[in-house]
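Before any comments, here is the structure.
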Amino acid sequence: MDEIAKMEIPKKFVVPTMTLYSGVTYPVDHVAHYRRRMTIVSVLPEQKEACLCIGFGSTLTGLALAWLTNLPNKSVKDFPYLVNQFTKQFACSRGL
């Protein structure tokens, strides 16, 4: 959405290092791990939602990254919406 797209992200914003998600393991675990890692990132409260959404793509690879990049422009209104779409898309992915 415009609110996320227009939010100025701090120049020092860096997504914490974590295992990239490719679409073959349980998506809920990846989201939980991402949320936990993002708690250490220092941003203003009004920047948090945009940073969560924008940073999430940095944790994806392969099919998962392709899925994200194929979402319609400005279709993500907030992080819960993104998580809902992500977990629905990869719900059958459980890993081995």
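Residue by residue through segment 48-64, note down the ones that are open to solvent by 30 Å² or more (accessible area, probe 1.4 Å) and not charged (D, E, K, R).
Passing the criteria: Ile54, Ser58, Thr61, Gly62, Leu63.
Would you point out which residue out of Thr19, Thr69 is under 12 Å from the mean Cα position of the chain (by Cα), of a type outside the set (A, V, I, L, M), within 28 Å of Ser93 (Cα to Cα) and open to solvent by 70 Å² or more (accessible area, probe 1.4 Å)?
After applying the criteria, what remains is Thr69.
Within segment 60-87, take every residue that is in contact with a strand residue (DSSP E or B) (Cβ under 6 Å, 6 or more places away or on another chain) and assigned to a helix (DSSP H, G or I) and give me the one that is nearest to Pro10 (Cα to Cα).
Only one residue fits best here, namely Leu68.
What residue, among those in segment 1-13 that are in a loop (DSSP other than H, G, I, E, B) and open to solvent by less than 100 Å² (accessible area, probe 1.4 Å), is modelled with the lowest pLDDT?
Only one residue tops the list, namely Met1.
So Ala91 ticks every box in (1) touching a helix residue (DSSP H, G or I) at 6+ places or on another chain (Cβ under 9 Å); (2) under 16 Å from Tyr26 (Cα atoms); (3) not in a loop (DSSP other than H, G, I, E, B) but one. Which box is left unticked?
Tallying (1) touching a helix residue (DSSP H, G or I) at 6+ places or on another chain (Cβ under 9 Å); (2) under 16 Å from Tyr26 (Cα atoms); (3) not in a loop (DSSP other than H, G, I, E, B), Ala91 fails exactly one: (3).
If you go through segment 83-96 one residue at a time, how many are touching a residue at least 40 places away in the same chain (Cβ under 8 Å) and open to solvent by 60 Å² or more (accessible area, probe 1.4 Å)? Please lay out each step first, then the result.
Taking segment 83-96 first, the residues touching a residue at least 40 places away in the same chain (Cβ under 8 Å) are 83, 86-87, 89-91, 93-95.
Then keep just the ones that are open to solvent by 60 Å² or more (accessible area, probe 1.4 Å); that gives 89, 94.
The qualifying residues number 2.
Condition first: outside any loop (DSSP other than H, G, I, E, B) and in contact with a His (Cβ under 8 Å, 6 or more places away or on another chain). Now tell me which residues in segment 19-57 satisfy that. Step through it out loud before you land on a result.
The initial filter retains those residues of segment 19-57 that are outside any loop (DSSP other than H, G, I, E, B), namely 21, 27-38, 45-57.
Of everything in segment 19-57, just one residue is outside any loop (DSSP other than H, G, I, E, B) and in contact with a His (Cβ under 8 Å, 6 or more places away or on another chain), namely Tyr21.
Out of Pro80, Pro45, report the one residue that is without any contact (Cβ under 8 Å) to a residue 12 or more places away in the chain, within 11 Å of the chain's Cα centre (by Cα) and exposed (fewer than 15 other Cβ atoms within 10 Å of the Cβ).
Pro80
The values are calculated or read from the model by the stated rules, or taken from the named source; none is laboratory data. Because the structure is a prediction, the values reported are computed rather than measured. Glycine also receives a Cβ, built like all others from the backbone with ideal geometry; neighbour counts cover every protein chain displayed. Only protein heavy atoms, including side chains, enter the accessible area calculation; ligands, DNA and RNA are left aside. Shrake-Rupley method; radii C 1.70, N 1.55, O 1.52, S 1.80 Å.
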